[in-house]
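Engineer: Pasting in a structure now, in structure tokens, and then I'll have a few things to ask.
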Amino acid sequence: MDITNNQALVTGVIADEFKFNHEIYAEKFYTFTLNIPRLSGTDDSVRIMVSERLLAEDSFCIGDTVDVEGQFRSYNSYEPSGENRLILTVFAKDIHKSDSELRHNPNTLYLNGYICKKPIFRVTPFGREICDLLIAVNRSYNKSDYIPVIAWGRNARYAKTLEVGDNVKIWGRIQSRQYQKKLSEDETVTKTAYEVSVNRMELVKEPEPALIN
């Protein structure tokens, strides 16, 4: 499988038990939460999906610091209410206990994909420029992962000029944020959103046609 267009490398602390997610071709897959530290002192809580075959290579416990290498993928989850939710998770290709407590950069992601929705540019009340993107990253078997991306400052100003169908390369990190969803006048629920925060991005330009003499 070619994973060169989608590469995630994260280091963090296992925050909860491994939970069975699904089984395919007699291979079971489990999910768990990895708390990845930010420089600010807070954590990003990222969902990890891992095969039982990788877990058989070592024993993992809550509180262990682990390195996970894989891809940032999206899945559609159909809720009992009829709502269709986009679930984002790191699909592990490798997992092992970290040799050190923390790497210098514990959360890195590279994507090469296509703009599939018109960029949304806005300015916060504090004057911060933000641009929201949705990137389609091709995967094997004619599948694609749809990844929400957020750009800031000069990257936001650049991102708002992009068009649907543009091929872009993005370097950044996976971040989580909590938000309140109102269910009724008296009831709200706390949910977690995941997205990619951009450090660097560039437009992939079509190669120039060869000149024929």
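Engineer: Condition first: more than 12 Å from ILE62 (Cα to Cα) and either among the hydrophobic types (A, V, I, L, M, F, W, C) or in contact with a Lys or Arg (Cβ under 6 Å, 6 or more places away or on another chain) (or both). Now tell me which residues in the range 1-29 satisfy that.
Structural biologist: Answer for the range 1-29, where residues must be more than 12 Å from ILE62 (Cα to Cα) and either among the hydrophobic types (A, V, I, L, M, F, W, C) or in contact with a Lys or Arg (Cβ under 6 Å, 6 or more places away or on another chain) (or both): MET1, ILE3, ALA8, LEU9, VAL10, THR11, PHE20, ILE24, ALA26, PHE29.
Engineer: I'd like the full set of residues that are under 30 Å from TYR158 (Cβ atoms) and either in a loop (DSSP other than H, G, I, E, B) or at pLDDT below 80 (or both), limited to the range 169-190.
Structural biologist: Within the range 169-190, TYR179 is the sole residue that qualifies.
Engineer: Moving to a separate point now. State whether the residues of the range 127-142 include one that is of a type in the set (Asp, Glu), crowded, with 17+ Cβ neighbours inside 10 Å and touching a strand residue (DSSP E or B) at 6+ places or on another chain (Cβ under 6 Å).
Structural biologist: yes
Engineer: How about the range 9-122: which strands (runs of 3 or more DSSP E) wholly inside it have at least 1 residues that are among the small types (Gly, Ala, Ser)?
Structural biologist: 43-51, 65-78, 84-97, 107-115
Engineer: Among the residues of the range 141-168, which ones are more than 18 Å from THR124 (Cβ to Cβ), among the small types (Gly, Ala, Ser) and assigned to a strand (DSSP E or B)?
Structural biologist: The answer is SER144, and nothing else.
Engineer: One residue is enough: does the range 42-53 have a residue meeting the conditions surrounded by fewer than 17 Cβ atoms within 10 Å (Cβ to Cβ), more than 22 Å from VAL137 (Cβ to Cβ) and of a type in the set (Val, Ile, Thr)?
Structural biologist: Within the range 42-53, one or more residues are surrounded by fewer than 17 Cβ atoms within 10 Å (Cβ to Cβ), more than 22 Å from VAL137 (Cβ to Cβ) and of a type in the set (Val, Ile, Thr).
The values are calculated or read from the model by the stated rules, or taken from the named source; none is laboratory data. Here the structure is a predicted model, which is why all the values come from computation and not from measurement. Ideal geometry is used to build each Cβ from the backbone, glycine not excepted, and the neighbour counts take in all protein chains shown.
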